[in-house]
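Everything below concerns the one structure shown next.
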Amino acid sequence: MAKKILVIEDDKDIRDTIVYVLEEEGYEVIASDNARILKKVNDLEPDLILLDNWLTDWTSDLSGQQLSKALKNNPTTRHIPVILVSAVNNLKEIAQAGEADGYIQKPFDLTELSEVVKRHIAIDL
């Protein structure tokens, strides 16, 4: 059974690229342009979350860092690896403050994307 990855990215081109690459590698991918999908995270049961740090249309003003921290402090979701994705210069510090499991700096290489995902998710063979 394919591992499930939740991709939350508001830039359509970046989101579509991530989805394409991950599906080609055999993952099941659920994509959203906003973080409201996190309200259904327990039903979706993702094995990994790729989360944009700056979602322009997220009306609660929560950043990816804050969303990651909330996921990591929730007993039902803390086991899910969260990878922040952003172009900000201090992404490493933001990811650490948000208790994220890792980060991917934009612009990113597709090989880097694959490697970071593989590092945080085991593929069923």
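Rounded to 0.05, the FRET efficiency of the L110 and E28 pair, given R0 = 25 Å and the Cβ-Cβ distance, is 0.85.
Compare I18, I49, I83 in a GNM of the chain, Cα atoms joined below 10 Å, and give the one with the largest fluctuation. Ranking I18, I49, I83 by mean-square fluctuation puts I18 first. From helices alone, the chain scores -10000 deg cm²/dmol at 222 nm; the rule is -39500 (n - 2.57) for each run of n ≥ 4 DSSP H residues, then divide by the residue total.
Where the alpha-carbon atoms of the chain are placed on the principal axes, they occupy 38, 32, 24 Å, in descending order.
Which residue, V88, V41, V19, tops the fluctuation ranking in a GNM of the chain built on C-alpha contacts under 10 Å? Of V88, V41, V19, the Gaussian network model singles out V88 as fluctuating most.
Comparing mean-square fluctuations of G102, G64, G26 from a GNM of the chain with C-alpha springs under 10 Å, the top value falls on G26. Whole number in Å², please: accessible area per residue of the stretch 28-119, 1.4 Å probe, ligands, DNA and RNA not counted. Heavy-atom accessible area per residue stands at 54 Å².
Quick one: net charge around L44, please, counting Lys, Arg +1 and Asp, Glu -1 for every other residue with C-beta under 15 Å from its C-beta. Intermediate values should be presented prior to the final figure.
Numbers: positive: K3, K4, R36, K39, K40; negative: E28, D43, E45, D47.
In short, +1.
Based on the Stokes-Einstein relation at 20 °C and a viscosity of 1.002 mPa s, and on the Kirkwood radius from alpha carbon pairs, the stretch 71-122 is assigned a translational diffusion coefficient of 185 µm²/s. Distance between the pseudo-spin-label points of A70 and R119 (7 Å out from Cα toward the beta carbon): 2.7 nm. Here K118 is the anchor, and the aspartates and glutamates within straight C-alpha reach of less than 12 Å, apart from those fewer than 8 places off in the same chain, are E25, D47.
Here the chain is assigned +1 on the Cβ of each Lys and Arg and -1 on the Cβ of each Asp and Glu. Its dipole about the Cα centre then comes out at about 520 debye. For the pair the stretch 1-54 / the stretch 61-102, the C-alpha centres are spaced 15 Å from each other. Partners of K92 within straight-line reach, counting aspartates and glutamates whose Cα lies under 19 Å from its Cα and excluding those fewer than 8 residues away in the same chain: E9, D52, D101, D109, E112, E115. Derived scalar couplings between HN and Hα for the stretch 86-96 equal 6, 9, 5, 5, 9, 4, 4, 5, 5, 4, 5 Hz in order, rounded to whole Hz, by the Karplus curve 6.51 cos²θ - 1.76 cosθ + 1.60 (θ = phi - 60°), x for Gly and Pro.
The values are calculated or read from the model by the stated rules, or taken from the named source; none is laboratory data. These figures come from a predicted structure and were not determined experimentally. Because the Cβ atoms are built from the backbone with ideal geometry, glycine has one as well, and the counts that use them run over all protein chains shown. We work out accessible area using only protein heavy atoms, side chains counted, and drop any ligands, DNA or RNA first. Shrake-Rupley method; radii C 1.70, N 1.55, O 1.52, S 1.80 Å.
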